[in-house]
Every structure is written in C-alpha cells, then in structure tokens.
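In what follows, a structure is listed as structure tokens, so that the remarks can point back to it.
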C-alpha cells in the first residue's frame, strides 16, 4: 500500500471577500508542484460563498465537474438552458465536453453557501455537454458508505465520463467499515468532512485528505461522529 497525506492546514487558501476557498490541489493562484492532482482527480475545492454573491458566467471544456452542497442553497445557470438550485443532500454533475458556460450563485441574502467543487479528468474528450442533479437523501445510509457517483448511468447516483466511483459515509463513533476497490488501476482519495477517523492505520481529522493506492481494500474506523467523502479514480488516464 502507498499513500499521500494532505492535512487540512496544508491546503492552499484564497479569500476574495465574497468567496473563501481551500484548495487541496493546485488551483488558480495556488501552485504546488507536488499537489497537481491525484490520478484523474484534478480539483477538490472547499468553497464558502457569501450572501448573494457568486461565480459569474465563465467557460469550461473537457472536464467532469461535480458539486456537493454542504450548507445553504446554490443557484446554477448554464448555456444549455438549465436554471436550478442545489442544496445539502443533492449532488450536481456537469460534463463540460465541447464547451459550456455557467454561473453559480448563493441564492440567499441571509446566509453563506458551502459546497465542494470537484473536477475529474474525463476519459472522453469532445462529448456533448450534459447537466444533471439528483437528491441522494433516499439512498443515504447510516454507518456505511453509500454510492453517489459512478461511470454507469444505470447505477446509483449521478454518472460521469470516467471510471470513477464516489461514496459518502456518515458514521457513529466506534464504527468500523471497509471499502473494496472496484477498478484494477484505481486509487482512493478520502476527504473527512466532519469528525475524526482512522484509515488503514492513518488518523485523519476534519478536512484532512488521504490518497491510497496499491491496496485492494480500505479499512476505516470512526473515532468520533464523522462524515467522509470517498473518491475512487483511475491513477493513469489519457
């Protein structure tokens, strides 16, 4: 087994007044040659957008973009004609493909919106742009990982153009859980949303990240009430 540890305090940080963002991997003005990506996982941003503010219309191309709201309401508009709002308990995906313009705004004037912005390199370029969002409340389970994203449109959760699987887990203190890797050449990146856990012997706290590869099975012990995002991605990609 090999691993890479990214402690919360080591992330890049940007405060634009209307936006506060923590970058696990190099992004915008934050650059670390040792932290460009983890396999096909290119961006993991922990964003807080203040009241009534947001990202103006901007382009994307050939990237799978996933948003997971943690608190508040995020309004989305894009050049495909979609106007939607996502909330905690939803997952949003956009395949940028040949090119798409979009904006994201905090819909509320009285509270911030907090969400994870995740980019994954696709396994196909030049695809027709696509947007989807779902509620995952009906598949949420206690004390085990449950899938929220896969490469298969018929599977549970949203799907993307990549051999990737995302799962969430909400655990009580003392719970033990395991995850069996699906892809032959995959790595798994764990991101602790809340609480403290131990993964394959490594202790992690809130907003710490751990990438693990060359292991077929991952074992998690929850050291307190915790919530964890798990992202399995291919380590090699075109």
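Would you point out which residue out of 38, 25 is surrounded by 13 or more Cβ atoms within 10 Å (Cβ to Cβ) and touching a residue at least 24 places away in the same chain (Cβ under 8 Å)?
38
Of all the residues in segment 82-115, those that are in a strand (DSSP E or B) and either outside the structural domain of residue 19 (by TED's automatic domain parsing) or crowded, with 20+ Cβ neighbours inside 10 Å (or both) number 13. For the condition more than 23 Å from residue 1 (Cβ to Cβ) and either in a strand (DSSP E or B) or touching a residue at least 40 places away in the same chain (Cβ under 8 Å) (or both), residue 133 qualifies.
The values are calculated or read from the model by the stated rules, or taken from the named source; none is laboratory data. Bear in mind that the values here come from a model prediction, so they are computed numbers and not experimental data. Every residue, glycine among them, receives a Cβ derived from its backbone with ideal geometry; neighbour counts consider all protein chains shown.
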